[in-house]
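One structure follows; several queries about it will come next.
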Amino acid sequence: MDGLLSEFTAAPVQAKIAVADLALALTISAVTDLRERRIPNAVTYPALAVAAASAISLGGLPLLLESAVGALVCATPLTLAMWRGWMGAGDVKLMAVAGLVSGTAAGWSFSLIVLLDVAVAGGAQALLWLLAAKARRRDRPKAVPYGLAIAVGTTWAFLTGAPLF
């Protein structure tokens, strides 16, 4: 953890802004998704803009394109799930922010780690919600606020740089 902290403190200001932007978006989104079952556009759109501006500032158009591939890697599977009615658009946009920042931080391949970690966190969250419903003798939940899984999985990926499994 010490290496991670020293790496962060040595990073350019634009990188710190991008990571802080992501952390803020993840925190607000997890809370609003748990409370209201929604992730507001007022969180995701500005976060996307700040992340894109940070990428441009750090490496110009080439880094922005690399970051955009990261956003596509993270958001595409959730977009497909959204079309099936399994996921909300806020989840897709939040994953795009995570992909954009992870693509800026370490290339689009790091976005794959973020996606995998979010998927594992989502599966664990769904299992815990099912077990909690069963323990309380309630019907199984129809939906799980995935913003929490996005926050946990993305945070794990950024802290460890490794998959959860």
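Show which lysines lie in cross-link reach of residue 93 when reach means a straight Cα distance below 22 angstrom and same-chain residues fewer than eight apart are skipped.
Those lysines meeting the cut-off are 16, 142.
Given points 7 Å out from each Cα along the Cα-Cβ axis, report the residue 16 to residue 37 separation in nanometres with one decimal.
Computed distance between label sites residue 16 and residue 37 equals 4.1 nm.
Any chance you could run the full-extension gain for residue 49 through residue 76? It's 0.36 nm times the residue separation minus the Cα-Cα distance, nm to one decimal.
Between residue 49 and residue 76, full extension yields an extra 7.8 nm.
Shifting gears a bit: Please get the size of the charge dipole for region 70-148, origin at its Cα centre, with Cβ charges of +1 on Lys and Arg and -1 on Asp and Glu, quoted in debye to the nearest 20.
520 debye
Convex hull over the Cα atoms of the chain, averaged projected area in nm²?
Over every viewing direction, the Cα hull of the chain projects on average to 9.8 nm².
Let me spell out the model: positive unit charges on the Cβ of Lys and Arg, negative unit charges on the Cβ of Asp and Glu, origin at the Cα centre of the chain. What dipole size does that give, in debye rounded to 20?
So the magnitude is around 940 debye.
Expressed as cubic angstrom per residue, what is the convex hull volume of the alpha carbon set of region 49-115?
Roughly 63 Å³ of hull volume per residue.
Over all alpha-carbon pairs in region 69-165, figure out the percentage whose distance exceeds 22 Å.
In whole percent, the long-distance tail amounts to 28.
Hey, if we sort 16, 134 by accessible area with the 1.4 Å probe, largest down, what's the order?
Result of the area sort, largest leading: 134, 16.
If I stretch the segment between residue 133 and residue 116 completely, what's the gain in nm (0.36 nm per residue apart, minus their alpha carbon distance), one decimal?
3.5 nm
If you don't mind, another one. Treat each spin label as a single point 7 Å out from the Cα along the C-beta direction, and report the residue 124 to residue 27 distance in nm.
A separation of 2.1 nm, rounded to one decimal place.
The values are calculated or read from the model by the stated rules, or taken from the named source; none is laboratory data. Here the structure is a predicted model, which is why all the values come from computation and not from measurement. Please note: Cβ atoms are built from the backbone with ideal geometry, for glycine as well, and neighbour counts cover all protein chains shown. The protein model used for the area step is the full one, side chains on, heavy atoms only, and it has no ligands, DNA or RNA in it. Shrake-Rupley method; radii C 1.70, N 1.55, O 1.52, S 1.80 Å.
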